[in-house]
Amino acid sequence: MIALNDFGRQWQVVAPRVLEAVARVGKSGRYILGAEVERFEAAIAKRFDVTHAVGVGNGMDALEIALRCLDLRLGEKVLTTPLSAFATTLAIIRAGGVPVFVDVDDFGALDLEKCRRLLERDRSIRFLLPVHLYGFVLDLEKLLQLKNEFDLRVVEDCAQAIGARAVGTVGQVNATSFYPTKNLGALGDGGALLTNDADISRRASALRNYGQTSQYVHETLGLNSRLDEMHAAIMTDALLPELDAWTKARREIASKYLAGISNSAICLLRPPTETKPVWHLFPILVAAHKRDHFREHLRSCGIQTGVHYPRLIPEQSAMKSVKFEIEGALTNSQKFSASEVSLPIHPFLSKTEIESIIDACNAWQA
Ligand SMILES: *Cc1c(COP(=O)(O)O)cnc(C)c1O
């Protein structure tokens, strides 16, 4: 079976460096918030060209902490997408905000034109939380224009787009996740806030550690959301150094799919090449009533597929108990949730596997 992710193959590549990192941290006797986390923070800040990075427990906490650092008020609206990991919205709710769902565009990302129309109507809105979904890059110029024109506080959810050029440079904060399936995944949970704002960085460092500013001094009610020394060391030594090669591999596979898949029943998404997507996923669209059939066909060819995401966030039953708003019709979002299928695109796919995925797509009779 060709799986969506192949951690076994990844382990073969990274094992010696992971084990060395584990031994070093084990021997050091320092397991929480020490030199390894600082070293990792310095490394990712440099790699992503920002002045500050704060390692936290996971991507959802990174988003919550980011919103809190930008002084989100209780009950304040946050424009966001209904098509994402549930964590994107859950972070808004946990930070005390009210999610306002705006439809997505033709690439599955928050529609910035529709956001603009809403912002023009409701000048009280100060927060925007877009997601660089699938590893595609939102139109950053448009995002910057919106931010400046409406004086917005923007948190970019970069959990699926780490390594993409200029992603995370518009928002005051870029929040990302090191969940194992992500393009830069840890061997466990992890996340980070990236920012050029020293004050945000300082506040985030306190918030991740019970709101502690110095030992036993608590000025705000924080979280317990610390990145482990072990994961920090593993990421600095074994995973981060591979990110560029893995991103390159994902892009090469995407080009092969885009050139090779040719089936009138399959709609390929072609984000503009100059935006340099990092292809966290390879999403395609098929007719909603044929999706199960397509996935079954691929399964019978030994290929695992995914769906991102089968149910829109405002339609989750957990949302029944919270306040949220929906802006206009969510037509494109509905289309993605009913029609999207993700093909395997992890960097360890072999040439033969890539070809067999292309062949299986082309052989499908809808
Ligand atoms: C994975 C993901 C998150 C949450 O990250 P965790 O580390 O699992 O908390 C948030 N947003 C998006 C878009 C994601 O893909």
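A few points about this structure:
- Ordering 225-237, 278-290 by mean Cβ neighbour count within 10 Å, with the highest value first, yields 225-237, 278-290.
- Cut-off 15 Å (backbone N to label point 7 Å along Cα→Cβ of Glu274), residues of the stretch 139-164: 139-142
- Farthest towards the positive end of the charge dipole of the stretch 1-77, among the residues Pro16, Phe48, Leu74, is the Cα of Pro16, using unit charges on the Cβ of Lys, Arg, Asp and Glu.
- Rounded if a/c under 1.5, otherwise prolate or oblate - the stretch 1-87, Cα gyration tensor axes: oblate
- Where Rh is the Kirkwood radius over Cα pairs, Rg/Rh for the chain: 0.97
- Each Lys and Arg adds +1 at its Cβ and each Asp and Glu adds -1 at its Cβ; summed about the Cα centre, the chain shows a dipole of about 240 debye.
- Residue pairs exceeding 26 angstrom between C-alpha atoms, taken from Lys182/Lys335; Lys256/Lys290; Lys27/Lys182: Lys27/Lys182.
The numbers here are math on the coordinates, done by the rules we state, and not lab data. Worth saying up front: this structure is predicted, and the values here are computed from it rather than measured. Glycine also receives a Cβ, built like all others from the backbone with ideal geometry; neighbour counts cover every protein chain displayed.
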